[in-house]
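Visitor: Encoded as C-alpha cells, here's the structure I'll be asking about.
The values are calculated or read from the model by the stated rules, or taken from the named source; none is laboratory data. Note that this is a predicted model, so its numbers are computed, not measured. Backbone-built Cβ (ideal geometry, glycine too); neighbour counts: all protein chains shown.
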Amino acid sequence: MKIVIAPDSFKRSLTALEAAQAIEKGVKNAILHAETVLVPVADGGEGTMDSLVSATNGHKVEHKVKGPLLHPVQAAYGILGDQETCVIEMASASGLCLIDSARLNPMTATTFGTGQLIKKALDDGCSKFILAIGGSATNDGGVGMLQALGMKFLDANGEPVGYGGSELIRIAHIDDQEFDSRIANCEFLIATDVQNPLVGENGASFVFGPQKGATPEMVEILDNNLRHWADLVGIKTGIRLHDMPGAGAAGGIGGAFQAFFPSVTKRGIDLVIEYSGLSDHLADADCVFTGEGQIDFQTASGKTPMGVAEAAKIKGIPVFALTGSIGKGIDVLYEHGITSVHSIINSPITLQEAIANAAILLEQGAEQVMRTYLASN
C-alpha cells in the first residue's frame, strides 16, 4: 500500500516536514510495511522555501539583512536542486514572525531586507527567482525592497524619504537610474493566492493592515499613502496599480513586482505542487494525508490541503485532512477532493498543551484514520 503524506506546517508547533514525519509514524503504527512518500508542502507563505528546497534536494544560503523594523536579522534564501532557481521567502526578511506583537507597526515596517536578499542572490549569479510573499509585517508598497535595489525616492526638496508606509506620502519623485539593471534580464515567479487590489476597502491596508498592527486611524492613512504611491507609479510606468488584482499582496509588494519586475504571479500551492513533484508521487497511491493547524472555509481559497486534494482528485485518490481546529464552512471542501476532515485534539486541553504535544497528537490521529480506512477496504 502506497500512502502520500503532504501536510503544511502546524504554525507555532511543527514544520511541514515534522508534521509529515509524525503522520508517517501514525500510519506505520497501523500498517507497518506501508510505502510512505513524504512531500511537505506550503501555500506561498512561511515554509515555502523549506518545502521547495527539501523536495528538490537544494540548499540554503544565509545572509544578514535589515528586518522589518531595521534591526539585523539572519535571513536566508534557497537554491533549488537545479542549482539555478532561487527561492526567497519574504517572511524570512520582512515577516510578522520577526517582531513581537507589541511592536508591530506597519507605519514604519519596511521591505528593505527582502530587497537585500534579492540583491545578494543577484550577486551570487541567480537569474531565476521564486518569491513567496506571505506573512509580511509591512505595508510600504514594496518601496523598501526597491530602495535596497537602488531605486531612489525623493521628497519635494530632492531629499531621500525614509522607510515604511508612513513615508510614502512624502515621495515626490521616483529616480530609477540606479535601479539594479540585472533585474530586467531575470525571471520572477511570485507565489501568492492574494488577489486584492492595492487600495480601497478591499486593498492592502484595510484587509491586511489590522493584523500587522494598524489601528483604524492608521488604516486610513496607509490607504491614502498607497494611493499616492500608486498615482506616482502610474505616472512613471503607465501601469495603474490602484485596482489591479494582486497588487495589494503583502502590503503592496505585489504591485511593486507588477510595475518594476519581469514577473508572473501564480497561486502559491500550485507552484509548490509543481516543483515538489507531488503529481508524480501520487501515481499508484492508495490514499493521501494532508493537514494544517486550522481548516475552515478559507482553506478552499488556495490553502495547502485544498491544493493537495485537487491534485489527488484528478487521480481519484481519497484525501484525509488532519488539523488542530475545525472551523466553519468545511462542507465546501468535500466538493474539491477532501474525503474527510479530522481534528487531532482527542481530549479537553489548552492551546498551549495542543501546541506542545502536536507531534504525538498528529501521530495518534493519523493512526486512527488509517485504521478506519483499512477496516473499510
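Visitor: So residue 137 passes all but one of these: (1) surrounded by fewer than 23 Cβ atoms within 10 Å (Cβ to Cβ); (2) of a type in the set (A, V, I, L, M, F, W, C); (3) within 25 Å of residue 304 (Cβ to Cβ). Which condition number does it fail?
Guide: Failing condition for residue 137: (1).
Visitor: Out of 214, 191, 156, 184, which single residue is under 24 Å from residue 48 (Cβ atoms), in the same structural domain as residue 64 (by TED's automatic domain parsing) and either hydrophobic (A, V, I, L, M, F, W, C) or out of contact with any helix residue (DSSP H, G or I) (no Cβ under 8 Å at 6 or more places or on another chain) (or both)?
Guide: Details: 214 fails: under 24 Å from residue 48 (Cβ atoms); 156 fails: under 24 Å from residue 48 (Cβ atoms); 184 fails: under 24 Å from residue 48 (Cβ atoms).
It is 191.
Visitor: Out of the residues in region 189-225 that are over 19 Å from the mean Cα position of the chain (by Cα) and β-branched (Val, Ile, Thr), state the one that is surrounded by the most Cβ atoms within 10 Å (Cβ to Cβ).
Guide: The selected residue is 199.
Visitor: Those residues that are in a strand (DSSP E or B) and among the hydroxyl-bearing types (Ser, Thr, Tyr), I need them from region 30-79; list them, please.
Guide: 36, 77
Visitor: Is at least one residue of region 185-196 among the small types (Gly, Ala, Ser) and at positive phi? Spell out the reasoning first.
Guide: Filtering region 185-196 down to residues among the small types (Gly, Ala, Ser) leaves 191.
Restricting the remaining residues to those that are at positive phi gives none.
Taking every residue of region 185-196 in turn, none turns out to be among the small types (Gly, Ala, Ser) and at positive phi.
Visitor: I've got another one for you. If you scan region 294-325, which residues turn out to be of a type in the set (A, V, I, L, M), under 18 Å from the mean Cα position of the chain (by Cα) and surrounded by fewer than 24 Cβ atoms within 10 Å (Cβ to Cβ)? Show your work before the answer.
Guide: Narrowing region 294-325 to residues of a type in the set (A, V, I, L, M): 295, 300, 306, 308-309, 311-312, 314, 317, 319, 321-322.
Filter once more, so that each one left must be under 18 Å from the mean Cα position of the chain (by Cα): 295, 300, 306, 308.
Residue satisfying the conditions is 300 alone.
Visitor: Taking region 334-352 as the search range and keeping residues that are within 20 Å of residue 286 (Cα to Cα) and either free of Cβ contacts under 8 Å to residues at least 12 places away in the same chain or not polar (S, T, N, Q) (or both), which one is surrounded by the fewest Cβ atoms within 10 Å (Cβ to Cβ)?
Guide: Let us first name the residues in region 334-352 that are within 20 Å of residue 286 (Cα to Cα), namely 334-342.
With the extra rule that they be either free of Cβ contacts under 8 Å to residues at least 12 places away in the same chain or not polar (S, T, N, Q) (or both), the set shrinks to 334-338, 341-342.
Working: 334: 12, 335: 10, 336: 15, 337: 23, 338: 26, 341: 21, 342: 18.
Per the stated criteria, the residue is 335.
Visitor: Given the criterion at pLDDT 95 or above, more than 18 Å from residue 113 (Cα to Cα), of a type in the set (Ser, Thr, Tyr) and assigned to a helix (DSSP H, G or I), identify the matching residue among 166, 205. Even if it seems obvious, please write down each step before you answer.
Guide: On the way: 166 fails: more than 18 Å from residue 113 (Cα to Cα).
Criteria check complete, one pass: 205.
Visitor: Same structure again: Please note which helices (runs of 4 or more DSSP H) are completely contained in region 221-334 and include at least 3 residues that are under 23 Å from residue 127 (Cα atoms). Before the answer, list the steps.
Guide: Details: elements: 253-260, 268-276, 278-281, 304-314.
Helices (runs of 4 or more DSSP H) meeting the threshold: 253-260, 268-276.
Visitor: Is it true that residue 54 is over 26 Å from residue 368 (Cβ atoms) and either in contact with a helix residue (DSSP H, G or I) (Cβ under 8 Å, 6 or more places away or on another chain) or not assigned by TED's automatic domain parsing to the domain that holds residue 366 (or both)? I'd like the intermediate steps shown before the answer.
Guide: Values: over 26 Å from residue 368 (Cβ atoms): yes; either in contact with a helix residue (DSSP H, G or I) (Cβ under 8 Å, 6 or more places away or on another chain) or not assigned by TED's automatic domain parsing to the domain that holds residue 366 (or both): yes.
It is true that residue 54 is over 26 Å from residue 368 (Cβ atoms) and either in contact with a helix residue (DSSP H, G or I) (Cβ under 8 Å, 6 or more places away or on another chain) or not assigned by TED's automatic domain parsing to the domain that holds residue 366 (or both).
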